[in-house]
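For reference, the structure discussed in these notes is given below.
The values are calculated or read from the model by the stated rules, or taken from the named source; none is laboratory data. Since the structure is predicted, the reported quantities are computational estimates derived from the model, not experimental observations. Note that each Cβ is placed from the backbone with ideal geometry, even for glycine, and that neighbours are counted across all protein chains shown.
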Amino acid sequence: MSESEKWWEACEQSPNAGLLRITLMAAVPLWIERLAHKNYDEILARARECGQIVAEKGDIIQFKSKKRGETAAAFNALAEGLACLAFTVGGVRFMDLHFEYKKPVRGRAKRPVKTS
């Protein structure tokens with residue numbers, strides 16, 4: 001088992017897993033919305049940066065850091081990284097959650113119908 005697989009498994013076994021899951025359900029879609037205007041190369045570059053942060057600081061997502069703001073920064077890197085992966089074909093699955101960017105269908109807006 002690779003180090004990253006061990007981390008994911010430990011994350012899912014963490015006593016805070018339920019809270020992490022619920023928080024990701026809120027945070028990842030917000031990050032997807034924020035990233036939607038960027039091009040794929042920018043998203044890919046940001047995914048690499050987030051992956052590096054999570055690799056270095058992932059343990060403080062499970063076990064709160066004593067340094068103020070460090071846990072939040074690591075969590076945001078995880079949420080943003082998952083949002084970046086949502087732009088790949090098929091999206092991403094993490095902790096039994098599935099995130100996938102669906103490009104909005106843009107069409108001609110219809111005029112409101114006057115009812116009176």
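Quick notes on this one:
- Restricting SER4, SER65 to residues that are modelled with pLDDT under 90 and either of a type in the set (Val, Ile, Thr) or in a helix (DSSP H, G or I) (or both) narrows the list to SER4.
The rows are residues; the columns are (1) touching a helix residue (DSSP H, G or I) at 6+ places or on another chain (Cβ under 7 Å); (2) without any contact (Cβ under 8 Å) to a residue 40 or more places away in the chain.
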residue: ARG34; (1), (2): no, no
residue: ILE53; (1), (2): yes, yes
residue: GLY69; (1), (2): no, yes
residue: HIS98; (1), (2): no, yes
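- Residue match in segment 40-48 (condition: within 19 Å of ALA17 (Cβ to Cβ) and either surrounded by 16 or more Cβ atoms within 10 Å (Cβ to Cβ) or modelled with pLDDT of 95 or more (or both)): no
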